[in-house]
Amino acid sequence: MKLLEGKRVLITGVANRWSISTGIAHKMHEHGATLAFTYQGERVKDEVEKLAAELGGGPVIECDVSKDESLQAMRDELIPSFGQIDGLVHSIAFADKNDLRGTVYDTTRGGFALSLDVSAYSLIALVSALRDDINDNGSIMALTYLGATAIVPNYNLMGIAKAALESSMRYLAYDLGNRGIRVNAISAGPIKTASMRQVSGATKMLDVVPQVAPLRRNVTADDVGNTAVYLASDLASAVTADVHFVDAGYHAVGMIPPDFTLK
């Protein structure tokens, strides 16, 4: 059974084949969705174009979410050829790597503004640019992480930005609810991506999670993709304004057992 047959989805944030958004794209394609992609910068253009060609040959459009004119140009290129969209996947985040180590009080004013703009306001900006082009009863989702609500050493500024993203998600859900448009966030467990490697010590979590999480394993981009398919489908018709954890249950562990030793 294909849950997304006939639905058109715009996916942002693909950088390479290891990106979480790539896993989402693969799963949505498997379930019949027609996909379009945005990319930011020539550095990733070829990778995104290759992925798009593998997954139905949908449009690939440059978009810098920190610039309103780029967002408008993306919309003006996408909609006339692709049509109204039923889904939007926000998988965009950025922080200067110097703000992902040390102490939060060393965060620069400029670094804070940049990270909040790209990582959180971009969701609002994308919805604003596309609000008249999202079909009623559509689905919007954003990728977040446990560091938005709990301390994750060295996640620092990105945790603050993800907290803003989650709050933005809830208010957008309220504002769009009268059209039946649902807005949710997916909080993925640690997955080895280029973004993860920017956080000092983050890869060590890949060793810890399988020993502590209730499901005793790490998660994959395909796991996240399965949840994204559900949220984009009509099965989630009454699900909105929530954070959905895909982390093998790690977020529910209150304390690592006192006798725990990393294997």
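The values are calculated or read from the model by the stated rules, or taken from the named source; none is laboratory data. Please read these numbers as outputs of a predicted model, since none were measured by experiment. A quick note on method: Cβ atoms are made from the backbone with ideal geometry, for glycine too, and the neighbour counts reach across all protein chains shown.
So which of VAL239, VAL229 is in contact with a helix residue (DSSP H, G or I) (Cβ under 8 Å, 6 or more places away or on another chain), surrounded by fewer than 20 Cβ atoms within 10 Å (Cβ to Cβ) and of a type in the set (A, V, I, L, M, F, W, C)? Talk me through it step by step, then tell me what you get.
On the way: VAL229 fails: surrounded by fewer than 20 Cβ atoms within 10 Å (Cβ to Cβ).
After ruling out the rest, the residue left standing is VAL239.
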Quiz prompt | The lone exception for SER70 - which of (1) touching a helix residue (DSSP H, G or I) at 6+ places or on another chain (Cβ under 6 Å); (2) in a helix (DSSP H, G or I) it fails | solution = (1)
Quiz prompt | Single unsatisfied condition, VAL65 versus (1) closer than 21 Å to LEU130 by Cβ; (2) surrounded by fewer than 24 Cβ atoms within 10 Å (Cβ to Cβ); (3) not small (Gly, Ala, Ser) | solution = (2)
Quiz item: Which residues, counting only those in the stretch 36-56, are in contact with a Lys or Arg (Cβ under 8 Å, 6 or more places away or on another chain) and not hydroxyl-bearing (Ser, Thr, Tyr)?
Solution: ALA36, GLU47, LEU51
Quiz item: Residues in the stretch 203-222 that are crowded, with 20+ Cβ neighbours inside 10 Å and modelled with pLDDT of 95 or more: how many?
Solution: 3
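Suppose the filter is of a type outside the set (Gly, Ala, Ser) and over 25 Å from GLY254 (Cβ atoms); does ILE181 pass it?
Taking the combined requirement at face value, the residue satisfies it.
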Quiz item: Quick one: in the stretch 17-46, which of the residues that are more than 14 Å from the chain's Cα centre (by Cα) and in a loop (DSSP other than H, G, I, E, B) is surrounded by the fewest Cβ atoms within 10 Å (Cβ to Cβ)?
Solution: GLY41
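Looking at this structure, is SER128 surrounded by fewer than 17 Cβ atoms within 10 Å (Cβ to Cβ), under 20 Å from the mean Cα position of the chain (by Cα) and of a type outside the set (Val, Ile, Thr)? Explain how you work it out, then say what you get.
Numbers: surrounded by fewer than 17 Cβ atoms within 10 Å (Cβ to Cβ): yes; under 20 Å from the mean Cα position of the chain (by Cα): yes; of a type outside the set (Val, Ile, Thr): yes.
Yes.
Got a sec? Which of ALA163, ALA150, ALA142 is within 26 Å of LEU235 (Cβ to Cβ) and among the small types (Gly, Ala, Ser)? Quick ask: steps written out before the conclusion?
Values: ALA163 fails: within 26 Å of LEU235 (Cβ to Cβ); ALA150 fails: within 26 Å of LEU235 (Cβ to Cβ).
Within the list ALA163, ALA150, ALA142, the selection yields ALA142.
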Quiz item: Of all residues in the stretch 181-236, which are among the hydroxyl-bearing types (Ser, Thr, Tyr), within 21 Å of LEU3 (Cβ to Cβ) and part of a loop (DSSP other than H, G, I, E, B)?
Solution: THR220, SER233
Practice problem: Examine the stretch 195-202 for a residue that is among the polar types (S, T, N, Q), within 14 Å of the chain's Cα centre (by Cα) and at pLDDT below 95, and state whether such a residue exists. | Solution: yes
Exercise. Determine whether the stretch 152-173 contains at least one residue that is assigned to a loop (DSSP other than H, G, I, E, B) and among the polar types (S, T, N, Q).
Key: yes
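For the stretch 135-151, name all the residues that are in a strand (DSSP E or B) and buried (at least 22 other Cβ atoms within 10 Å of the Cβ).
The first filter runs over the stretch 135-151 and keeps only residues in a strand (DSSP E or B), leaving 135-144.
Residues satisfying the conditions are GLY138, SER139, ILE140, MET141, ALA142, LEU143, THR144.
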Quiz item: So how many residues does the stretch 75-96 have that are surrounded by 12 or more Cβ atoms within 10 Å (Cβ to Cβ), in a helix (DSSP H, G or I) and not hydrophobic (A, V, I, L, M, F, W, C)?
Solution: 2
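Report, by residue number, each residue of the stretch 242-263 that is part of a loop (DSSP other than H, G, I, E, B) and surrounded by 11 or more Cβ atoms within 10 Å (Cβ to Cβ). Quick ask: steps written out before the conclusion?
Going through the stretch 242-263, the residues part of a loop (DSSP other than H, G, I, E, B) turn out to be 242, 247-249, 253-263.
ASP242, ASP247, ALA248, GLY249, VAL253, ILE256, PHE260 - these are the residues of the stretch 242-263 that are part of a loop (DSSP other than H, G, I, E, B) and surrounded by 11 or more Cβ atoms within 10 Å (Cβ to Cβ).
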Exercise. Considering (1) surrounded by 14 or more Cβ atoms within 10 Å (Cβ to Cβ); (2) more than 30 Å from ASP136 (Cα to Cα), say which one ARG197 fails and leave the rest.
Key: (1)
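Take the conditions out of contact with any Gly (no Cβ under 7 Å at 6 or more places or on another chain) and closer than 17 Å to ILE140 by Cβ and apply them to ILE20. Does it pass? Even if it seems obvious, please write down each step before you answer.
Numbers: out of contact with any Gly (no Cβ under 7 Å at 6 or more places or on another chain): yes; closer than 17 Å to ILE140 by Cβ: yes.
Yes; evaluated as a whole, the condition is true for this residue.
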